[in-house]
Structure formats: structure tokens, C-alpha cells
Protein chains: 4
Amino acid sequence: MSLREKYKTVRQHTEDLLKPLSTEDHLAQPMMDVSPPKWHLGHTTWFFETFILKNFLEDYQEFDPTFNFLFNSYYETVGKRLVRDQRGNMTRPPLENIYQYRAYVNQQMDVYLSGDPDPKSLELLELGLNHEQQHQELFLTDFKYILGVQPFYPVYREDFEESKVEKGKQEWIQVWKGTYRIGFKGNGFCFDNEKGRHQVFLHDFEISNKLVTNGEYLEFIEAGGYRDFRYWHSEGWAWVQENQVEAPLYWEKSEGKWQHFTLAGLKDINPDEPLAHISYYEAYAYAEWKGLRLPTEQEWEAANELFKWGQRWEWTNSAYLAYPGFKKEEGAVGEYNGKFMVNQMVLRGASVATPEGHSRPTYRNFFHPHLRWQFTGLRLAR
Amino acid sequence: MSLREKYKTVRQHTEDLLKPLSTEDHLAQPMMDVSPPKWHLGHTTWFFETFILKNFLEDYQEFDPTFNFLFNSYYETVGKRLVRDQRGNMTRPPLENIYQYRAYVNQQMDVYLSGDPDPKSLELLELGLNHEQQHQELFLTDFKYILGVQPFYPVYREDFEESKVEKGKQEWIQVWKGTYRIGFKGNGFCFDNEKGRHQVFLHDFEISNKLVTNGEYLEFIEAGGYRDFRYWHSEGWAWVQENQVEAPLYWEKSEGKWQHFTLAGLKDINPDEPLAHISYYEAYAYAEWKGLRLPTEQEWEAANELFKWGQRWEWTNSAYLAYPGFKKEEGAVGEYNGKFMVNQMVLRGASVATPEGHSRPTYRNFFHPHLRWQFTGLRLAR
Amino acid sequence: MSLREKYKTVRQHTEDLLKPLSTEDHLAQPMMDVSPPKWHLGHTTWFFETFILKNFLEDYQEFDPTFNFLFNSYYETVGKRLVRDQRGNMTRPPLENIYQYRAYVNQQMDVYLSGDPDPKSLELLELGLNHEQQHQELFLTDFKYILGVQPFYPVYREDFEESKVEKGKQEWIQVWKGTYRIGFKGNGFCFDNEKGRHQVFLHDFEISNKLVTNGEYLEFIEAGGYRDFRYWHSEGWAWVQENQVEAPLYWEKSEGKWQHFTLAGLKDINPDEPLAHISYYEAYAYAEWKGLRLPTEQEWEAANELFKWGQRWEWTNSAYLAYPGFKKEEGAVGEYNGKFMVNQMVLRGASVATPEGHSRPTYRNFFHPHLRWQFTGLRLAR
Amino acid sequence: MSLREKYKTVRQHTEDLLKPLSTEDHLAQPMMDVSPPKWHLGHTTWFFETFILKNFLEDYQEFDPTFNFLFNSYYETVGKRLVRDQRGNMTRPPLENIYQYRAYVNQQMDVYLSGDPDPKSLELLELGLNHEQQHQELFLTDFKYILGVQPFYPVYREDFEESKVEKGKQEWIQVWKGTYRIGFKGNGFCFDNEKGRHQVFLHDFEISNKLVTNGEYLEFIEAGGYRDFRYWHSEGWAWVQENQVEAPLYWEKSEGKWQHFTLAGLKDINPDEPLAHISYYEAYAYAEWKGLRLPTEQEWEAANELFKWGQRWEWTNSAYLAYPGFKKEEGAVGEYNGKFMVNQMVLRGASVATPEGHSRPTYRNFFHPHLRWQFTGLRLAR
């Protein structure tokens, strides 16, 4: 597929994902980390306008100069921006303007890509498409959260399957100690945080062939895991107490039966399916309770060909830090990853919300340890 | 006008007020005190359904049992309710359902009122209509606030005039000391907080025939009034510092010129128009700076026939407290007023947003001293 | 007693009150409203130094120029000051310096008063002595709070009696409607907030001859008063829930028996003694539960000769506002009262902690409605 | 030195450090992370009483059963404890009781150690002594902070030298890539977080022979480093803005000259001395500005014999996480380190406040990235 076609496909996919939404559904922001769908639509478009069209397409006419303020996420380089927690209040411009914005930028991009595009701009195009795919995933998890605060358990799509049972027995995969190579190799696209392929020394370890399931986690709940400080980080224990956490996000017990809210509505918990929507604190506490541990991101990467992955982002026991030799990109896109390298933990894998082909074995996802609105699960090691 | 006609007129007026809004405009809540227009639509309807139809119309079928949760404002008696700051996230049910709800309740009310309505229900009907008129005013001020956070100064209605110049010279009206009667008299509707007509003794005082104007207030600003603690309550001074307040709400200085945001868009300040959007703290500080004071609500009421009022809610120097002989209504509507009688100040008069005929000389409006998103101004006394 | 003798007596009384304290006891500040005893010692001394010695005693040598920063409470006129919640951390200068400061200022005051003092300074002297008496009361209540946070129920003085049973039956005192005069009269000292004697019209009312007792309040607790929103202000109910309030401050139930912490240690509740340590919210809720109400401050003052008072500050249903004709004093002492006239409620009477002769029938005490570390009780009216 | 003698020496050293303090100095807690000196005295004693005497000395009589509540820091296993931010309000028991407690526990420990102590108890004794040494360092930094909030720049000890100029030129030390062994080896004491000696692979790197100096950091300040987001983590930038940070802790500019508060009072900044009192965010931003980076803790440990260290805790770019094979100790002392392994960064080295012989090349200190009241500095790598 040419980049021009790929551009069309990715951009169209975003709009397809939003088809089931009402106009109003586009405008809610029930917590600061969640962005309204309307904002995702505008922001991903702004990325192409700002970093490609404005810089590389001669005589490009900006669609609307106020949009830079509205749809800049966090790029200090690119000027002032709307404070994050006000995104849900932007009733103007109306949604149809945002779609006009998309159409206009798409058309201009098509003009640009039909010509003789600058190689530097094609790198930014790849980045922009991967960026849009990240927002496709964020849209799904944000929108699940938005539906989750409605009092009626509304449905996004009746046929949305959040997970599948992993067949076969749980087994331990042995990995021998030695020097392994970590980080992206090859010619395709990757983010700057994956670059700088390097060696690490790993000791013998074993890693599970399967993700932890709902049923296994229920044992932890029923054994009083949320009421026993011994399994928790000090900050995790404070988080449990302050938020009165008793189960993963979206779980609720009604008449003795555990159910969870999904993008297909409220469903009974299937004990055999992989667990989701836990924080790093919970992942760690569960592992402590089992007398086991989470893998590091290096262990995960070294072993990833030995098990199946892709249903769930998997918390690792690695903090999100620069690889040796990490270099920020020049200019505004240098703000993409590096400035978040503190106080966050790495997740590896992919989830049901990740666009096909978007992730890879070296992909480094990262979130603060208390967050759990993503499809986050865990795999044990020892 | 019969009550049945009055019901139709008032209910229709709400919908007329919302006509200029886009679907998205119905769903923003940029601060907790502001409710989304969609919520006003539902809540005012819920009032009639809950207090009249459910209690008085035989075999009444509730429109949707979940609406009690969504549209109860603060009536503890009537069950659990949505937390206030989540009103802006209720994308479901969609707006058209709320209009169906209105149509259904209106139709059922019409059936009920065509019959032989219980006299008690007619009292509640009057209350419900006055309640809806209060929400018409709140809608306008809330919606001004919603438009005010948009980055583009959008317009509600080009022809919306927020105020008119009061003609003639400022003069002091003399009122002689003596015993005055305060509180509602007559047979029409009034709120419970106006009842219990009683005597008060007032000393000689003078009250201005005119509201304080923008131009007069500008002198206070330019004299450094916001930077001199001597004019402020201790809590007012803390409020100024913490919020870096330098002018009334919606005012901004651009290239040396003061402008303010109005429902007709951004306009130059007219120095001769009455001032609006100030907190009680600012009203008090301005009066201190002038060496004058605010009237008490009793002084205002005793003198109200001697000046024109109705353009602006006027801060008084009276705390919102029960009149001698105040009695809460029985049942849930007893929660209407009494439970707010602490930490709020009384405002008298009316504003451009007040529906015609809704206010009266004994009407007691009240807000916390730091709030200023209503059309609030002041009249001096001495 | 001459003013010079009165000065010595009042100043000595402060030091006598602090005799039972260890050096460390002088330095705790477990909540912001509480000041460490050491600070009370310095601040009351600073008052005389700042307002009298510096202004009226020729060639007066300031004791230490840094003390103005440390011991200014809230007088913006007098310069910068320590932020309030850091008072408990001022380990330097040491306590003995504060006593030297007191001795030095006392000696200089004696010099000054032996001469031919300026009449204006004598007014400030009266104010300073009354100010010190207010701090004597604050010291006792603050120190009770300090001891109350220690885990061992320590004793201030074994023989400290916080209250006495009011003998005789509860009866209602009838007061007839008419015009009453309110505010200070006579030649003695009073605060500016009592001045401007004026007329008010009161309607018929009855007021109890006795304060509400512990036993009566226990009935409210046992009837579930803290769990029934109907008796509470909206803000009072939020306060109960947020702070999980279930009883007056210092009360605790242990093995089915109610006890309370007092300045003489932990004691059983005596049901016949007057109730103390309740907030305005609780006073109001209790009255609502009884179907009665609190008196206004004007009713209280008009009737005060008809009942005994002085054991407890009594919450009234009056907000703390200016009397007609209220004028701030000139200069810094103008900050004494006026700037607190918002969001507070008036208490009348006196308490066990009030120095003898300090209060009077026109005395207006005031606190925010949620505070209860003072000896606050209530008297019912109807 | 026998363990019995070592016990006496370490315990005596704590008391020696506190000699310059007044009684009041023992009781301040100006921020939550700072503990009052009195609490350090009690808590270190409690450690020996709780983990050794109560478990190993037959018929041991607890000094005071209430002390477990007062002096337990964070051991959930050992029962309820005082909330952390109330430590500064514990005026009772008086300081002399804490010294009696120390004397009593010391005497009982001497009895115990003169007998035939259980080998398990001797491990705990080593831990207790190292624990007390950690609190000696904390005492010095806490007390610097306490003095720092006093308005008069008081002096702890006139002859206290916080740092020494590192002589010689700045040079880069080359370290070649390869597998290195990390973690404690040998027979002496170490904390559990150093255990599990293991291999890591390091790539070529260079590390500075010298710490960054005040003068070098001043260049960063003067180049506008605190006002340029490009050098900061996203969270670091928010921290700078929210706290209006413009220089290291304790630095102030007065009449164009930079000074800093030290334990010997206010001093001019010596540009050649090593920098101290910076947060991880500042260390990172400085390195970014220089186009360099911080070393990882593994790099630091691998290279530590090639440079001099010990004047300053050095921020590394490593998050505080478990080594491969990390195991918590059994029982309450298992809470010593493991539960803090999230959201903190590792520091290596030692500081002027570290007791002699307490640190070692494998020692892992750790703090949250925003904290800077320790003697924290940085060494660059590339």
C-alpha cells in the first residue's frame, strides 16, 4: 500500500470507529485523562496540518487559525493551548466543522502527496499515521469510559468482543541467561523511544505462556487481597484506601454475581477470559500475593516470540526511561515521548483496541501506575 | 390567563429560549454551578412529573424511571441523584429524548389540568411554573458562561441587549425612620422565604435612584481598588488574591480598551450602562472605597417604589436568613429554600434574564458572596 | 482599679493561665485556627508595643524588629507577617525570649502610664486589654484542642470545671412585640461592632430560661439526628458527611458509654450539664428536630435580663453584619472587626473560658458556622 | 569494635548531633516529609524495643505501651500509628521522657547483648544501627529545613561545612562496554535492596570525575533554564510553574548577589563548590541543557572506583526498582524497602550528613523526583 493510500485508510478508519456515536457522545470528558471524541477528531487532523501542510505545502491556507489553540495537545513549541480539562466544554465550533476540517486537510494532503513530497515530510507522515492510530485506541478506551459514567450501561457495538479465552494450559516458559538485543531493528517505522538497539544481560527466568484470567484474579479478591497491605506498594495501598478500590475498573457485584461493563454493554464475567482494567498497583499486588513477579520489559521483549500476545497491554516491572543512546527528535516532535520519561511504567503487547499492525515486539506503551481505563492486564514471571 | 394556558406559555418560553443552540451547546458544564441546558430542560420537566403527575394523576405512567436519578437537583427526599459536576457528561439519553419527555409530560399535564385538579396540586403548579422561570434565568446566565469559555466569543443572539442606560442624574432618595412592613402581601404566588409579613424598624437612610455604572466602577479599578486591602473583607481579599481578580467577570482589556463579553458577543464597555457580574465582595469593596454602603434588604424593600429597578440583581448587605415566622413547606418542596439559609447574601430586584412578571418587590434572590456569573450589580445607600 | 493596675492584672493573668504548660506545650498548632500558646504570649505583647509604645512613648526602643513579622496576626496595615499555619513551627526565638519581651514591654508600659498618657493611647490601652482577654479565652480553647490531639488525654488542671448544672425546670420566657434598643450604651469599653445603639422591632417570641443540656442533645443523637438530612442546612449536611460527624467535638463512645475530653481530662458525660462544642450547623439541626429555632441576636439581647447566661457562647440565628451606623476605627485598629463581617454567625453570652467581666449583654462574638472548638452551646426560642 | 560497643557509639552519636538544639527545636514539622527531632529520638529507640527487646529479651517490660502508637513510622504489621503530619504536635510525653526511654532501652539492650544473643537478633541489631544512621542523616536535613523556615537564619553549628571544593579539572572518565556485576558482595551489612548480585551489560560511556558546581548551575539559571520548557520533563515543568521554582532550595538573591542558607547560617554562594538541594527534575533539566545526561545507577556503580564520591547524593537516571532476585525479608522488617519501589529515583553516593562508614558503592538511596531537602547534587555522563 502506498503512503497516500495508507493515509486514506487510516484516516477513514478513525471516522468509521466514530460512526455509532450521537452528536452529543462526541463532547463528554468525565475525567481529565479522557478526551472527548470530537477532540480526537480535531487533534489528529491538526497534527498533519501543523507538521506537514504548514511546513511543506507551498501556499497552504490554514483552515482556521483558532484551531491551533483548540487542538494542540501538549506541544509547548507550537504555542498556547486550551487547558486540558476544558476540552469537554468546547461546544463550538460544531462537530460538522471538525468534519469539514478533516475533509479539507485530507484533500490538501492528497494534493501534497500526489506531488513530489519532501522525504522529511514522509517521516512525519508515518509519525502522523501512527499517532492517529494511537488516538484510535485512545478513542475506544475514552469512549468506553464515557459510556461507563452514563447510568444505563449503553452499548457501543453489540458485537464488540473485548477478549477471547486463551486456550490451553498455563505453562512456564524457560529463558536462559545471556546477553540479548533490545530495541527496534529493521527499516519500518518505530517511535523514537524504541530506537537505539542495545544489549542487555538477562538472568534465567520463566514467563507464563498465558495472561492472568478473570477467574484467577477473583481468587485474589475473594482471599481479601484488597484488604491486606502486605501485597501492596505503600503508594498503592494509599490509592486503594483513598479510592476504596475493591475490584478492577468496570466490575460490579450485583446480587452476589460479578459483572463488568463492556463496549457491548453489561456482561457477566467470564472467568476464563484475560483480566483487564487493572492499575500497575493491582498487577503488582496480585503478583506478590502469588509469590511471583511481573517481567521487566527487557525480559518480555526477549521472550515475546515464545508466547502469544496482543489481547491486552501487559504491565511490566520497568519504569519508562530512556534507552542508552536515546535522542529526542528535533523540533516540536521531539516532545513526543521523551518528556514523559518519569513516574510512568512500561506496558508491552497490544490490546483489542489497538489498530491492526500498529504494535510490535519493541513497542513501549506507558501509563502512570494508578491508571486503568486502558485495556491493561498482566502476565506473570518468576 | 388560566393556569392551563400559563403552563403552556411558560413551558413554551423555555424551549424558545433554547432555539439558538446547537445540539452540542446543550451539553457543556464549565464550572459546577453551571448546569448544561439539556439538564435544565429535563429538570424543570421532572419537577412537574414528580410533584404533580406522580402524586395527583391517577394511573400516571412514568416516562422513564431512570430520569429521577438524572434530573433530581437536590431533593434528598426524592431519592439518589447524579452528582452535580457530572451533569455535563450525560450524553445519554440523547437530547431528542428530553424533548419527548417534555412533550409527554406537557400532554399529561394538559390532561390533568383539563379535569378537576386538586387545589393542592395547583399550588404546586404555581411553584413549578415559578421554578421553571427561575431556570429560564439560570439558563441564560449559564449559557453566557458556556459561550464565555469558547475561544471565539460566539453570539447567542445579535439583538440581545444586556442593559440600558438609566437616564437622568444620580440623586439620593431620603427615607425616614420608622416601622415598615416587610414580606409578601396579597393573594398571588410567592416563595416560602418571602412569607410571614412582619414589621421592622428602620433608621433614616438615603438610597441612590440609580445603579452604579460601568464608568463609576472603572474609577475604582483605575484607583487601584483591587490592590488595596483596606476596602475588602478579609475573605474577599483572599478571594481577589487567589483568583487574581482585576475586573468584573467577562471584562478584558485589550490594547488599552476595556471590553466585555455579552450574549450578543464581545462589545466595548459603555461607561453609562449599569455594572454587572460582580461578586458581593466587589460590591462591598466598591462601597467602602466610596465611603458609602449597600442597603439592607429591608431598606431596599421599604424604598423600592421610589426608584426604578429590574435591570440588575442588586447585592444587599443582608445575609439570607429566615424571616420571623418562616415555615418550611411540608414534604419535598420544603427543601426549596430553607436549607440554603446560611453563608449566602440576599439580592433584590431582577435582571435582563428574569422572565417578565417573575420578580416582585418582596422577592429574595440569594447567592454565595464570591459568585458573579449572574447579572449582579449594586445600588448604594448611606 | 486604675488602668495601670488593670494592665498589670490582665497581663499577669495570661501568664498565670500558662503556668501548667511545659515548654513544648507552647509550640503545637494541630489545626490552622489554633495558635500555639507561645504565639498568644507574643502577639498580645506586640499589640501594646505596636499600637501604644511605638506611637506614643518618645524614644521607645523596639525590643526586636523581627517580632513584628512573627506576631502580627492579620493587620495588613502593619506590614508583612508570618503565614498563619506556620506559627507552630517557630522554634526560634525561644520561649524565654518571649517572656523577656513581655517583661520589657510591661516595664515600658509602666513607664509610659506613670507619665501623662495621651487620651487616644488610653483608648488603645482599653482595646489592648480587652484584646488580651479575648486571647486568654482563645488560649484555653486552643490548648484544650492541643491536649485533645495527644493520645493520652492529658490534664490541664484537675480542678477545672467546664460547666455547672443549671438548676430548676426548663421554662419559656415570653417577650412581647415592640421596639427595642440594641447595641452598647454607657461609658465603659466596648468593641466597635457593638456601637451605634439603634432600634429594632421584635415580634412576640418565647425564649428558654435554660441552655440545651447534654442529655437533651443525646436524644437527638440517639434518634438518628446525624443521619437525617431533613434537619440540616444543605451545607451542614455536606459538612456532616465529609467529616463523618456523629457527636459534638471531644465526645467519644467507649463500651456503650459516652465520655468527653475536658481540661480536667476524660470524663463521663453528665446529662444535666449544658452542651458544648457544637457547630452552628448542629445547633440549627437540633432546633429543627425539636420543631423550634435559635433566637436572633436582637431577641437574645432584648431578653437577656430574663435568664442567666455566661456558661456558654450561644449560637444565634444572626449573621455577623454591621449595625446601622457602624464605623470602622481609623488606622490599623479599624481592621479589628469590620473585615470579618461575612460568612460568620453571631454568638452571644460568655463561656467558662471568658475572663470575668470581659463580656456584656451587647457583646458580639462570631465564628464560621462549622467551627466548634470554642465552648459553644445553644438556647432555644420559638 | 564489638556490636555492643558499636551500639553504644551509634546511639550516642544521635544524642551528640542533637546537643545544639533547644527543647522547642525538637518539636517542629514545617512539611510532612520532615519529622521533628523528638520523633527521630523516639522512633529509632522504638525500633530496637519492637524488633529486638520485645521478641528476644525474656520478661522484657515495655517502657510505655502508648509509644508504639507514637513512634511507629510506617510498619502496618506492628499496629496503628499516629498520622504522619501530626508528629509535630506531640507535646506529650515531654522530651525528657523520650530521653528516659532511650536510656531505658539502651540499658536493656546492654543487658541483652551481654548475655548470649540470638543470631537472628544480631542481624536485626545491624539493621537497627544502620536504620539509626539513616535517621541521623534525616535529622540533619530535617533540622536544616526547620531552621530554614525561621525568619532569622539561625545557626546549627558555626563550624558546619556543608561542602568542599573538588580540586582539579573536570575530566571525562571512559568506561568500556561489557558485562559488569552489580549489587552487594562481601560479608558485611547491607540493605535488602542491594542484595542479589547480578550481571548487567553496559555500553561505552563517559562519566565526569567531578560533581556539577554551583557556578556551573548558575550559568543554567542565568541562561533562563527555569523558563524554557524544552529542558524539562512534562511533570517537571508543571512542578516549576506551580511552585514558581527559580533556583535550588535555600538559595536566594539579595541585591544582585546569590546566597544560600546552610547549617552554619546564611552564606555567599561559592561557585566552585558542588551544587546541592536540587530535585531530580532540576538535575535532568540541567543535563538536557548541557546536551548531556545523568548516569544510570549501574553505570555509577560500575565506575565508582574511578572518581571520588561522598559529598553529595547523586541523582541517577534509574527508577528505584527491585533487582533480579530481590526478596523481602520476612515479617515487619520486610516493609523496610520493597514497598517503596515505585515512583522514586535512585541516588548514589553519600553526603556531608551521612554518618561515616554508613554508605558504600552498592548503597541505593531513593526519593521522589520533586524532593530536594536532602543534600542532592549531580554528576554528568555521556
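Here are some notes:
- If the condition is being farther than 15 Å from residue C:230 by Cα, more than 13 Å from the chain's Cα centre (by Cα) and in contact (Cβ under 8 Å) with a residue 60 or more places away in the chain, then the stretch B:321-355 contributes B:322, B:323, B:324, B:325, B:326.
- Sole exception among (1) open to solvent by less than 20 Å² (accessible area, probe 1.4 Å); (2) small (Gly, Ala, Ser); (3) more than 14 Å from chain D (Cβ to nearest Cβ) for residue A:287, by number: (3)
- Of all residues in the stretch C:27-39, those being open to solvent by less than 10 Å² (accessible area, probe 1.4 Å), within 20 Å of residue C:99 (Cα to Cα) and more than 9 Å from chain D (Cβ to nearest Cβ) number 3.
Per-residue answers, yes or no, for (1) crowded, with 22+ Cβ neighbours inside 10 Å; (2) without any contact (Cβ under 8 Å) to a residue 24 or more places away in the chain; (3) part of a helix (DSSP H, G or I):
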site: B:121; (1), (2), (3): no, no, yes
site: B:126; (1), (2), (3): no, no, yes
site: B:133; (1), (2), (3): no, no, yes
site: B:143; (1), (2), (3): yes, no, yes
site: B:146; (1), (2), (3): yes, no, yes
site: B:152; (1), (2), (3): no, yes, no
site: B:155; (1), (2), (3): no, no, no
site: B:158; (1), (2), (3): no, no, no
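- Summed over the stretch B:258-269, the residues that are under 16 Å from residue B:220 (Cα atoms) and open to solvent by 60 Å² or more (accessible area, probe 1.4 Å) give a count of 0.
This table checks each residue for (1) on the phi > 0 side of the Ramachandran plot; (2) within 9 Å of chain C (Cβ to nearest Cβ); (3) open to solvent by 10 Å² or more (accessible area, probe 1.4 Å).
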| position | (1), (2), (3) |
| --- | --- |
| B:271 | no, no, yes |
| B:281 | no, yes, yes |
| B:301 | no, no, yes |
| B:306 | no, no, yes |
| B:312 | no, no, no |
| B:323 | no, no, yes |
| B:340 | no, yes, yes |
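- Hits in the stretch A:342-369 (condition: of a type outside the set (A, V, I, L, M), within 13 Å of chain D (Cβ to nearest Cβ), surrounded by 19 or more Cβ atoms within 10 Å (Cβ to Cβ) and in a loop (DSSP other than H, G, I, E, B)): A:343, A:344, A:369
- Among the numbered conditions (1) under 24 Å from the mean Cα position of the chain (by Cα); (2) open to solvent by less than 30 Å² (accessible area, probe 1.4 Å); (3) of a type outside the set (D, E, K, R), the only one that residue C:221 does not meet is (1).
- Complete set of residues in the stretch D:185-201 that are within 14 Å of another protein chain (Cβ to nearest Cβ) and touching a helix residue (DSSP H, G or I) at 6+ places or on another chain (Cβ under 6 Å): D:200
- Being part of a helix (DSSP H, G or I) and over 26 Å from residue D:259 (Cα atoms) holds for only one residue in D:187, D:193, and it is D:193.
- Against the list (1) touching a Lys or Arg at 6+ places or on another chain (Cβ under 7 Å); (2) closer than 30 Å to residue C:155 by Cβ; (3) open to solvent by 10 Å² or more (accessible area, probe 1.4 Å), the condition residue C:60 fails is (2).
- For the stretch D:228-243, the criterion of being among the aliphatic types (A, V, I, L, M), at pLDDT 95 or above and either at positive phi or open to solvent by 20 Å² or more (accessible area, probe 1.4 Å) (or both) is met by at least one residue.
- Extreme residue, modelled with the highest pLDDT, among residues of the stretch D:329-341 that are outside any helix (DSSP H, G or I) and touching a Phe, Trp or Tyr at 6+ places or on another chain (Cβ under 8 Å): D:341
- Which numbered condition residue D:214 fails, given (1) of a type outside the set (Phe, Trp, Tyr); (2) within 19 Å of residue D:293 (Cα to Cα); (3) open to solvent by 40 Å² or more (accessible area, probe 1.4 Å); (4) away from chain A (no Cβ under 14 Å): (3)
- Among (1) among the charged types (D, E, K, R); (2) within 14 Å of another protein chain (Cβ to nearest Cβ); (3) in contact (Cβ under 8 Å) with a residue 60 or more places away in the chain, the one test that residue D:177 misses: (3)
- Residues (buried (at least 16 other Cβ atoms within 10 Å of the Cβ), farther than 30 Å from residue B:129 by Cα and not charged (D, E, K, R)) located in the stretch B:165-202: B:175, B:180, B:200, B:201, B:202
- Considering the stretch A:76-98, and only residues there that are outside any helix (DSSP H, G or I) and surrounded by 15 or more Cβ atoms within 10 Å (Cβ to Cβ), the residue that is farthest from the other protein chains (Cβ to nearest Cβ) turns out to be A:81.
- In the stretch A:10-67, the residues that are more than 17 Å from residue A:95 (Cβ to Cβ) and touching a Gly at 6+ places or on another chain (Cβ under 6 Å): A:47, A:48
- Top-ranked residue in the stretch B:1-26 [being hydrophobic (A, V, I, L, M, F, W, C) and more than 14 Å from chain A (Cβ to nearest Cβ); ranked as farthest from residue B:109 (Cα to Cα)]: B:17
- Within the option set C:364, C:348, C:379, being charged (D, E, K, R) and farther than 18 Å from residue C:173 by Cα holds for one residue only, C:364.
The values are calculated or read from the model by the stated rules, or taken from the named source; none is laboratory data. Keep in mind it's a predicted model, so treat the numbers as computed, not measured. All Cβ positions, glycine included, derive from the backbone under ideal geometry; neighbour counts span all protein chains shown. Accessible surface is based on the protein model in full, side chains and every heavy atom, while ligands, DNA and RNA are left aside. Shrake-Rupley method; radii C 1.70, N 1.55, O 1.52, S 1.80 Å.
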